[in-house]
Amino acid sequence: MGAHRRGFGSLQAGLAFAAAVALAAGPAVAETWDMPTAYTESNFHTGTAQAFAACVKEATAGEIDIVVHPSGSLFKGNDIKRAVQTGQAPIGERLISAHQNENPIFGVDSIPFLVTSFEDSARLWRVTKPVVEKILDGENLVLLYSVPWPPQGLYFKKPVASNADIKGLKFRAYNAATARFAELAGLNPVQIEEAELPQALATGVVESFLSSGATGYDRKVWEQLTNFYTVDAWLPRNYVFANKDSWDGLDDATRAGIRGCASLAEYAGYWRAVQYTDFTVGQLAAHGMTVEKPSDGWRAELVKIGDTMTQEWLAKAGADGQAIVDAYKAAK
Ligand code: PCA
C-alpha cells in the first residue's frame, strides 16, 4: 500500500484514513484515488465513472475510494493523461482521440464514416483495444475501460444545405480530426475543451461545432444555436486508465475487484450511451432546435472530406493502422 498517493491531502482522504485506523477494520488502509475527468457532472460518462467508483469501493471493501472530479476541475482535459502517467493522479478519464497527435492509433475512432453506429463502434474497439492497451503499457498506464460517445453531428445557428453555406464560420474543434475536418470544409477551427464550450458559444468565440447530441444537451447549446445535423460522422471513445505504479502496488484481490468493476462500467456505459442518444437528440428538438439529416448533396461533400481524412490517417498510422482497419472490416 505504501507506494500509493493518498489523494491530494483532502479532508476526505484524511477522514477515511483515520476511520480505518480507529476501527481497525482490517489490514488495509483506505486510500483515496482522485479521478480527474474532462466532461460535465451531468454527462453519462461521468455517471458511469461514479458508478464505477461505487463498485470499486464495494469490491475492495472500502480500500480504494475513487473520487471523480468532472469538468476538468482537477486537471484540464489536455493534462489528464500526463497527470496519471506521472503519478500526479492515480486514475483518470479522457477522450482517446485527444491523443492522436502523440500516436495516430489513438485517432482510429475519429476516421469519418468508418464507424457510424454503436454496433460498429463496439466491433472497432474489440480489434483496437489490445493495441491501445499495449501503447498505454509503454506509457506507464493501465487501461481499465472505454465507453463510446454517441454519433457525431454538426451544430450551426442557421440551416445549411452545403459546405458553401458554412464557409468561414468559427468552429470549435475537440481533437486533430475535428480541426482537420474544419479546414477541409472551409471552417475556421479553434481547439476548445468541452468544459469551456458554453462560454465560447456565449461570447461568440465559436458559432459551430461537431459533437454528439449528448454534448449539445449537456451544454444547453439551444441557447445560442438552432440547427443540429445528424451526420453520424464517427463515434469517438473515452478511456479510463490507472497509473501503473499505483496499479502494481495493489494486491491481486484488489486488482481483480477493480477489473470486474471496469468490465461492468464498459458494458453499462455502452448501453447508457445508446439510451442517452435518442433522449438527448429529442431534447435538442424539444428546446426548439431543428434536428435533421444533412441533404444528400451535402452529405456527399462530407463523405469526400472523409475520404481525404481516411487516406491521411492511413498514411500516418502505417501498417499498424491498416491492420486495425482490416481486422475491423473482416469482423463485419
Ligand atoms: N463530446 C465531446 C467529445 C465527443 C462528444 O460527443 C466533446 O464535444 O468534447
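Assorted remarks:
- Note that segment 34-49 has calculated 3J(HN,Hα) couplings of 6, 10, x, 9, 9, 10, 5, 3, 7, 5, 5, 5, 5, x, 5, 5 Hz, one per residue in order, obtained from phi through the Karplus relation 6.51 cos²θ - 1.76 cosθ + 1.60 (θ = phi - 60°); glycine and proline are x.
- Charge context of ILE135, other residues only, Cβ under 15 angstrom, K/R +1, D/E -1: +2
- Relative intensity, log₁₀ I(q)/I(0), of segment 41-84 from a Debye sum that treats every alpha carbon as a point, q = 0.20, 0.24, 0.32 Å⁻¹: -0.71, -0.88, -1.03
- 3J(HN,Hα) along segment 167-172: 3, x, 5, 7, 10, 8 Hz, from the Karplus curve 6.51 cos²θ - 1.76 cosθ + 1.60 with θ = phi - 60°, whole Hz, x for Gly and Pro.
- Amide H contacts of GLN152: ASP232, ALA233, TRP234, each under 5 Å away and 5 or more positions distant or on a separate chain (H built 1.01 Å from N in the peptide plane; Pro and chain starts excluded).
- With Cα atoms, 0 to 90° folded angle of helix 176-185 axis to the chain main axis: 10
- Rg [Å, one decimal], Dmax [Å, integer] - segment 186-303, C-alpha atoms: 18.8, 58
- Among ARG82, ARG123, sorting on how many other beta-carbon atoms sit within 10 Å of each Cβ, with the fewest leading, yields ARG82, ARG123.
- Per-residue ³J(HN,Hα) for segment 135-146, Karplus 6.51 cos²θ - 1.76 cosθ + 1.60, θ = phi - 60°, Hz, x for Gly and Pro: 4, 4, 4, x, 10, 6, 10, 10, 6, 10, 7, 9
- In degrees, nearest ten, helix 252-286 long axis to first principal axis of the chain (Cα): 30
- For ALA30, the residues 5 or more places off, or on other chains, whose built amide H falls under 5 Å of its own are ALA20.
- Among THR290, THR215, THR280, THR116, the ranking by other beta carbons within 10 Å of each residue's beta carbon, starting with the fewest, stands as THR290, THR116, THR280, THR215.
- Taking amide H as placed 1.01 Å from N in the peptide plane, the amide H of LEU144 sits under 5 Å from that of VAL240, PHE241, ALA242, each at least 5 places away or on another chain.
- Among the listed pairs LYS76/LYS220; LYS129/LYS244; LYS76/LYS134; LYS129/LYS304; LYS81/LYS129, those with a Cα-Cα distance over 19 Å are LYS76/LYS220; LYS76/LYS134; LYS129/LYS304.
- Counting only Cβ charges, +1 for Lys and Arg and -1 for Asp and Glu, the dipole size of segment 74-159 around its Cα centre is about 300 debye.
- Per residue, the chain reaches -15000 deg cm²/dmol at 222 nm when only DSSP H runs of four or more residues are counted, each adding -39500 (n - 2.57).
- Relative contact order [Cα under 8 Å, 6+ residues apart], the chain, whole percent: 24
- Distance between the C-alpha centres of segment 267-298 and segment 123-178: 16 Å, rounded to the whole angstrom.
- Rounded to 5, percent antiparallel among DSSP beta bridges of the chain: 55
- Cα-based helix-to-principal-axis angle, 296-330 vs the chain, degrees rounded to 10: 40
Throughout, read-outs are computed from the coordinates displayed, never taken from laboratory work. No experiment lies behind these values; they were computed from the predicted model shown. So basically every Cβ, Gly included, is an ideal-geometry build from the backbone, and we count neighbours across all protein chains shown.
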